[in-house]
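Please read the structure below before turning to the comments.
The values are calculated or read from the model by the stated rules, or taken from the named source; none is laboratory data. Predicted model, so just to flag it, every value in this text is computed and none were measured. Methodologically, a virtual Cβ is constructed for each residue, glycine included, from the backbone with ideal geometry; neighbour enumeration extends over all protein chains shown. Side chains are part of the model used for accessible areas, which takes the heavy atoms of the whole protein and leaves out ligands, DNA and RNA. Shrake-Rupley method; radii C 1.70, N 1.55, O 1.52, S 1.80 Å.
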Amino acid sequence: MTSTYLSTRQAVIEVGQRLWKRGYVASNDGNISVKVSADLILCTPTGVSKGFMTPDSLALVHPDGTVVDRGTGGGPSSEIKMHLRVYQEDPSVQAVVHAHPPISTAYAVLGEPLEANLLPEIALLMPRVPIAPYATPSTEQVPNSVAPLVADHRVCLLEQHGSLSWADSLEEAYLATERLEYYAQLLFNLHLLGRMRELTSEQVHALRVQFGQV
């Protein structure tokens, strides 16, 4: 293996540990994948806690789902279909992260998208977090529910399931999950306070002009 290939494996392990330490996954929940070449995708194994994976436990699959290397962890997650559909819908995507961050997942259980311009960062980077309709885990229904959202978003809630984020790097896909959970926590706290205050449309427009989004 090249040093880059080995470093990618280690990066997946580290992201798994960050998800686990932050409580974004419990038990064996969640999965991570990274595109390592045009025809190879590295992914986390089934039935292994994201906090206790090893580099050799990771699996390799082709974009069509054919397993190239099962690794030592029991083969790829059954949710790999969801990841593969994201790569198929947008070839620029390099990494996908699925997790169950608690507050975000509470909104997913309720089937409520996140739609509030609370902070400049949210207004610019995550103005709307849509809901992918409920689908039976590990079936083709899951990728089918996510596919329509890939082109226009970088994160979504999976109804009564959890979250999914995708980006042009593993770090960015992880950070999208982190930002999503902060967004959900902030929204939850405002509901507890019984008040809501968003940026005005004029303020949001000025932000988008300032950062080249219009």
Interchain or long-range residues, amide H under 5 Å from residue 159's placed H = 132, 134
key: Qualifying trypsin sites (Lys or Arg not before Pro) in the stretch 148-209, DSSP loop, other Cβ atoms within 10 Å at most 13   = 195, 197
inquiry  = Restricting to Cα pairs below 8 Å that are 6+ residues apart, what does the relative contact order work out to for the stretch 112-214? Please round to a whole percent.
reply    = 26 percent
inquiry  = Quick query: amide H of residue 36 versus all other amide H atoms, modeled in the peptide plane; which residues come in under 5 Å with a sequence gap of 5 or more or a different chain?
reply    = 41, 42
request  = Step through the residues of the stretch 180-191 one at a time and calculate ³J(HN,Hα) from phi using the Karplus curve (6.51 cos²θ - 1.76 cosθ + 1.60, θ = phi - 60°), rounding each to whole Hz and writing x for Gly and Pro.
outcome  = 4, 5, 5, 4, 5, 5, 4, 4, 4, 4, 5, 5
request  = Filter the GluC sites (Glu not before Pro) in the stretch 93-185 to those in DSSP coil with at most 13 other Cβ atoms within 10 Å of their Cβ, and list the result.
outcome  = 115, 140
task = Name the shape class, rounded, prolate or oblate, that the alpha-carbon gyration tensor gives for the stretch 14-114, where a ≥ b ≥ c are the square roots of its eigenvalues, rounded holds for a/c under 1.5, and otherwise prolate holds if a/b is larger than b/c and oblate otherwise.
result = oblate
request  = Leaving ligands, DNA and RNA out of it, rank 182, 24 by accessible area with a 1.4 Å probe, largest first.
outcome  = 182, 24
query = Residue by residue, what Karplus-based ³J(HN,Hα) values in Hz, rounded to whole numbers, does the stretch 151-160 have, using 6.51, -1.76 and 1.60 with θ = phi - 60° and x for Gly and Pro?
reply = 5, 9, 9, 10, 7, 8, 9, 9, 3, 6
task = May I ask you to evaluate 6.51 cos²θ - 1.76 cosθ + 1.60, the Karplus curve with θ = phi - 60°, for each residue of the stretch 55-69 and list the ³J(HN,Hα) values in order in whole Hz, giving x for glycine and proline?
result = x, 7, 7, 6, 10, 10, 9, 7, x, 8, x, 4, 7, 8, 8
task = Using Cα pairs closer than 8 Å and at least 6 residues apart in sequence, work out the relative contact order for the chain, in percent.
result = 18 percent
query = Once the Cα atoms of helix 3-21 and of the chain are each reduced to a long axis, what angle between those two axes, in degrees from 0 to 90 to the nearest 10, is obtained?
reply = 50 degrees
ask   = Normalised by the residues of the stretch 107-152, what does the relative contact order come to in percent, with Cα pairs under 8 Å and at least six apart?
value = 28 percent
query = Angle between the Cα long axis of helix 80-89 and the longest principal axis of the chain, 0 to 90 degrees, nearest 10?
reply = 70 degrees
note = To the nearest 10 degrees, the tilt of helix 201-210 (Cα long axis) against the first principal axis of the alpha carbons of the chain is 50 degrees
query = For semi-axes √(5λ) of the Cα gyration tensor in Å, which listed value, (1) 30, 18, 16; (2) 28, 19, 17; (3) 42, 34, 23, comes from the coordinates shown?
reply = (1)
